[in-house]
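**Q** Here you go, one structure.
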Amino acid sequence: MLRTQSSGDGRFADFDLSRVPSPCFVIDEVRLRENLEVLRGLSQAADTKVLLALKAFSMWAVAPLISEHLAGTCASGLWEAKLARNHFGGELATYAPAFKPSEFDEIAALSDHIVFNSTAQFERYAAQAKAAGADLALRINPEHSEAEIELYDPCAVGSRLGHPISKLDTLPDNISGLHLHNLCEQGLEPLRRTIAAVRPFLEAHKGQYEWLNLGGGHLVTRPDYDRVGLIEILKELSDDLGIQTYIEPGTAIGLDAAILVGEVLDVTENNGPVGITDISPTCHMPDVIEAPYRPAMLGEAGEINVRLGGASCLSGDIIGSYKFNDVPQSGQRVAFLDQAHYTMVKTTTFNGAHLPSLAVWNSDTDALRIVKQFDYGDFEGRLS
């Protein structure tokens with residue numbers, strides 16, 4: 001089971017949960033800015049470029065704030081590329097395990113960098129990408145695993161992600177960059193070991209590529225992350241290989257910057273109290289089930305264990321067991337911490353579950369704005 005990366009209640013300890021509809025994601029733009037300032041400082045100190053991984057966090061209501069601090073975004077296909085160009089600005093790198101022929105011309109026209117997953121894809125689309133003005137890159141698989149869970153391990157045996165370096169003797173013509181990714185919400189030491197594993201390959205092809213993207217999974221906004229060490233690694237790679245470096249964090253940008261607010265609908269009894277909420281992990285925070293992990297709850301305290309779950313008919317739609325001072329009552333609000341990343345981008349309407357509203361809060365001024373509320377039309381519009 002993965003560990004939650006939440007650092008605790010933080011500024012949300014003072015937020016009145018009744019101020020927003022339920023369920024609702026609430027972003028604290030102050031904490032988001034703090035994370036972005038850390039990343040901008042890292043970029044300046046290491047002369048690296050930092051891109052937002054849209055697959056993790058795509059809330060374009062805060063795009064202006066993000067664009068002030070980062071060099072651009074990375075997209076995983078046509079729709080994310082469109083979102084990037086429409087709202088975020090800056091450089092755009094687009095990667096997909098395989099591109100659809102019907103979409104590629106549009107992707108190439110939108111993107112500054114196209115990252116191919118295989119040499120076959122590279123050769124198939126290189127001329128189209130160059131004609132559109134995009135530079136060409138290849139994702140390599142360093143064949144070195146660091147992720148704690150196989151579901152999130154791009155270097156697992158048999159992985160479809162990236163060209164294995166052991167099977168890549170020469171780089172394609174007209175290549176500009178290399179991309180690798182094998183981390184998942186981790187500190188510096190896993191990256192250090194990864195660089196050691198892939199360094200012989202990088203040095204063997206020195207002078208054949210202009211930039212190296214080290215992907216995401218670098219949890220650099222955690223207080224205990226060794227940022228000085230990361231700066232040293234990035235500068236060393238840049239100086240020794242004569243390249244521009246990139247990283248593309250997702251979790252690090254939204255770390256501790258949001259909560260998911262919900263409401264207790266009923267409490268039943270089955271080997272202890274069971275609280276049914278309008279937050280469905282399978283619909284609203286699926287990593288709780290997929291990883292799995294137990295999200296931290298705002299203000300958790302007490303001696304009474306209550307098992308919380310969603311209102312869907314999926315028997316495993318369980319968030320986890322939490323401590324309360326008293327058995328919660330119908331109508332009582334609850335909230336889960338660190339819910340900016342890999343949540344709102346993954347929501348579904350399975351079982352007719354309501355999509356959570358989206359709100360932006362300023363923890364300095366207490367200003368709050370509801371930026372999006374969903375209704376039946378959003379559910380019906382996805383079906384036919």
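**Q** About its Cα centre, what dipole magnitude does the range 47-253 give when the only charges are +1 on Lys and Arg Cβ and -1 on Asp and Glu Cβ, stated in debye to the nearest 20? Don't jump to the answer; show the numbers that get you there.
**A** Values: 17 positive and 28 negative charges, 74 e Å.
Dipole about the Cα centre, nearest 20: 360 debye.
**Q** Starting from 0.36 nm per residue, how many nanometres of slack lie between Ala127 and Glu34 once their C-alpha separation is accounted for?
**A** Values: separation 93, 0.36 × 93 = 33.48 nm, distance 4.15 nm.
So the chain would gain 29.3 nm between Ala127 and Glu34.
**Q** Report the Cα centroid-to-centroid distance between the range 1-71 and the range 166-187 in angstrom, as an integer.
**A** Here the answer is 27 Å between Cα centres.
**Q** If the reach is capped at under 21 angstrom between alpha carbons, list the lysines near Lys206, excluding any in the same chain fewer than eight residues apart.
**A** Correct list for Lys206: Lys49, Lys167, Lys235.
**Q** Non-local amide H neighbours of Tyr322 (under 5 Å, H modeled in plane, Pro and chain starts lacking H): which ones?
**A** It is Val306, Arg307, Leu308, by chain and number.
**Q** Which loop-located GluC sites (Glu not before Pro) does the range 166-215 contain, where loop means any DSSP state but H, G, I, E or B and the Cβ has at most 16 other Cβ atoms within 10 Å?
**A** Values: sites: Glu185, Glu203, Glu210; in loops: Glu185, Glu210.
Answer in residue order: Glu210.
**Q** So, with +1 on the Cβ of K and R and -1 on the Cβ of D and E, and no other charges, what is the size of the charge dipole of the range 260-384 about its Cα centre, to the nearest 20 debye?
**A** Details: 8 positive and 16 negative charges, 42 e Å.
Result for the range 260-384 is approximately 200 debye, rounded to the nearest 20.
**Q** Would you mind calculating the gained length between Lys100 and Asn305 on full extension (0.36 nm times residue separation, minus the Cα-Cα distance), in nm to one decimal? Before the final figure, lay out each step's value.
**A** Working: separation 205, 0.36 × 205 = 73.80 nm, distance 4.93 nm.
In short, 68.9 nm is gained.
**Q** Still on this structure, please answer the following. Pull up the cross-link candidates among the lysines for Lys372, meaning alpha carbon to alpha carbon under 18 Å and not fewer than 8 places away within one chain.
**A** Once the sequence-local lysines are set aside, what remains near Lys372 is Lys346.
**Q** Between Val228 and Asp16, how high is the FRET efficiency from 1/(1 + (r/R0)^6) when r is the Cβ-Cβ distance and R₀ = 45 Å? Nearest 0.05.
**A** Details: r = 39 Å, r/R0 = 0.87.
In this case the efficiency is close to 0.70.
**Q** Which translational diffusion coefficient, to the nearest whole µm²/s, is obtained for the chain from the Stokes-Einstein equation, given a Kirkwood hydrodynamic radius over C-alpha pairs, 25 °C and 0.890 mPa s?
**A** After rounding, the answer is 112 µm²/s.
**Q** Put a dot 7 Å past each Cα toward the Cβ at Leu314 and Ser76; how far apart are the dots in nm?
**A** Taking the two extended label points, one gets 1.6 nm.
**Q** Then there is this: In deg cm²/dmol, rounded to 500, what helix-only [θ] at 222 nm does the chain give when every DSSP H run of at least 4 residues adds -39500 (n - 2.57) and the total is split over its residues?
**A** Working: 11 runs with 104 residues, N = 384.
Dividing the helical sum by the residues of the chain leaves -8000 deg cm²/dmol.
**Q** Right, another one. Would you mind checking the tilt of helix 188-204 against the longest principal axis of the Cα atoms of the chain, expressed as 0 to 90 degrees and rounded to 10?
**A** The helix 188-204 is inclined about 20 degrees to the chain.
**Q** Would you work out the charge dipole size for the chain about its Cα centre, treating the Cβ of every Lys and Arg as +1 and the Cβ of every Asp and Glu as -1, and quote it to the nearest 20 debye? All intermediate terms of the calculation are to be shown ahead of the outcome.
**A** On the way: 31 positive and 52 negative charges, 113 e Å.
Magnitude of the dipole: close to 540 debye.
**Q** Also, I was wondering about something else. Please go through the range 90-157 and write out the GluC sites (Glu not before Pro) that DSSP classes as loop and that have at most 16 other C-beta atoms within 10 Å. It would help to have the intermediate numbers written out before the result.
**A** Details: sites: Glu91, Glu103, Glu106, Glu123, Glu143, Glu146, Glu148, Glu150; in loops: Glu143, Glu146, Glu148.
Loop-located and lightly packed - Glu148.
**Q** Next up: Around Asp226, which amide H atoms from residues at least 5 apart in sequence, or from another chain, sit under 5 Å from its own amide H, with H modelled in the peptide plane?
**A** Leu188
**Q** A further question follows. Loop-only check: which trypsin sites (Lys or Arg not before Pro) in the range 112-205 are DSSP coil with at most 16 other Cβ within 10 angstrom? Don't skip to the answer; put the middle values down first.
**A** Details: sites: Arg124, Lys130, Arg139, Arg160, Lys167, Arg192, Arg193; in loops: Arg160.
Of the trypsin sites (Lys or Arg not before Pro), the ones in loops of the range 112-205 whose Cβ has at most 16 other Cβ atoms within 10 Å are Arg160.
**Q** Could you tell me the relative contact order of the chain? Use alpha-carbon pairs under 8 Å, at least six residues apart, and round to a whole percent. Mind dumping the intermediate values first?
**A** On the way: 839 pairs, mean separation 81.1, N = 384.
Answer for the chain is 21 percent.
**Q** Among Ala108, Pro200, Asn174, pick out the residue whose Cα is farthest towards the positive end of the charge dipole of the range 47-253, where Lys and Arg carry +1 and Asp and Glu carry -1 on C-beta, about the Cα centre.
**A** Value computed over the given set: Ala108.
**Q** Sequence-distant or interchain residues sharing an amide H contact under 5 Å with Glu143, placed H: which?
**A** Here Ile165 satisfy the definition.
**Q** Enter the Cα centre distance for the pair the range 189-245 and the range 277-346, rounded to the nearest angstrom.
**A** 37
None of the figures in this text is laboratory data; all of them are computed from the coordinates on show. All figures in this text were calculated on a predicted structure; none of them were measured in a lab. A quick note on method: Cβ atoms are made from the backbone with ideal geometry, for glycine too, and the neighbour counts reach across all protein chains shown.
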